[in-house]
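**Q** First the structure, which I've put down as structure tokens, then a few questions once you've had a look.
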């Protein structure tokens, strides 16, 4: 059981946001395990089997656990202590080994002792929660790291809508869908804050209850919008060579970039 729904503050730092969301994360998908396996299949086709996977913002293990199931050695890191606990539990339930620990990317790359070439992951929402300063420093270290083979990440196309939003507080994106579990209705909203910043809001409530204005869980934090051109520029600055793959080609829900040292 996930426990009781708890109303949360609409303004949280990113660590608190994901600590609160982690126990509910699987309910964001109608079939979390199936979606994770689909993402694992996509990423498996992009990573050399001799490479070790380093998931830099692993969350509850959406990519890390299915890649371990597919035979990769995986190290997983995340800012959220609760997310890492969920990841370890999922890995144990799948009878796979994932070396998982808490790490703040503002401190740079984690310690990576070993000999294998590395495939870094920064997939989904990960980069959006890093400032330009932190992201630039991280990309520079990845480009300079002697065992880096490839960095695989993705771009959220709807971020581009934020740049067109003229007024602070404008809701530039809203989507509701049924989640898994006991009949959850999940709503995602994005609000412009000015410049490249926007608010991310996730609301989860039981779809069997009467509609109300107050959700059972309502979490909100800030993020940074980066379209494909801007992400490409950030990747190329430290000397990474970038190639984009479209959803129609990969089956992944977002455009994927492959960035390798030149």
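Coordinate-derived values only; no laboratory data. All values derive from a computational prediction rather than experimental measurement. A quick note on method: Cβ atoms are made from the backbone with ideal geometry, for glycine too, and the neighbour counts reach across all protein chains shown.
**Q** Tell me the relative contact order for the chain as a rounded percent, counting alpha carbon contacts under 8 Å between residues six or more apart.
**A** 20 percent
**Q** Tell me, in nm to one decimal, what length is gained between residue 246 and residue 95 on full extension, where the rule is 0.36 nm per residue of separation less the Cα-Cα distance?
**A** 51.1 nm
**Q** If you don't mind, there's one more thing I want to ask. Using just the helices of the chain, give the 222 nm mean residue ellipticity in deg cm²/dmol: DSSP H runs with n ≥ 4 each add -39,500 (n - 2.57), and the total is spread over all residues, rounded to 500.
**A** It comes out at -7500 deg cm²/dmol, rounded to the nearest 500.
**Q** Taking the structure as given and computing percent of Cα pairs over 35 Å apart, which label from (i) 17; (ii) 12; (iii) 27 fits?
**A** (ii)
**Q** To continue, here is another question. Apply the Debye scattering formula to region 16-172, with a single equal point scatterer on each alpha-carbon and no solvent, then give log10 I(q)/I(0) at q = 0.09, 0.15, 0.18, 0.19 Å⁻¹.
**A** Taking Cα atoms of region 16-172 as identical point scatterers yields -0.30, -0.82, -1.15, -1.27.
**Q** Further question on the same structure: Helix 32-44 sits at what angle to the longest principal axis of the chain, using alpha carbons and giving 0 to 90 degrees rounded to 10?
**A** So the helix axis and the longest Cα principal axis differ by about 20 degrees.
**Q** Moving on. Quick one: 155, 171, fewest Cβ neighbours within 10 Å first, how do they rank?
**A** In order of increasing Cβ crowding within 10 Å: 171, 155.
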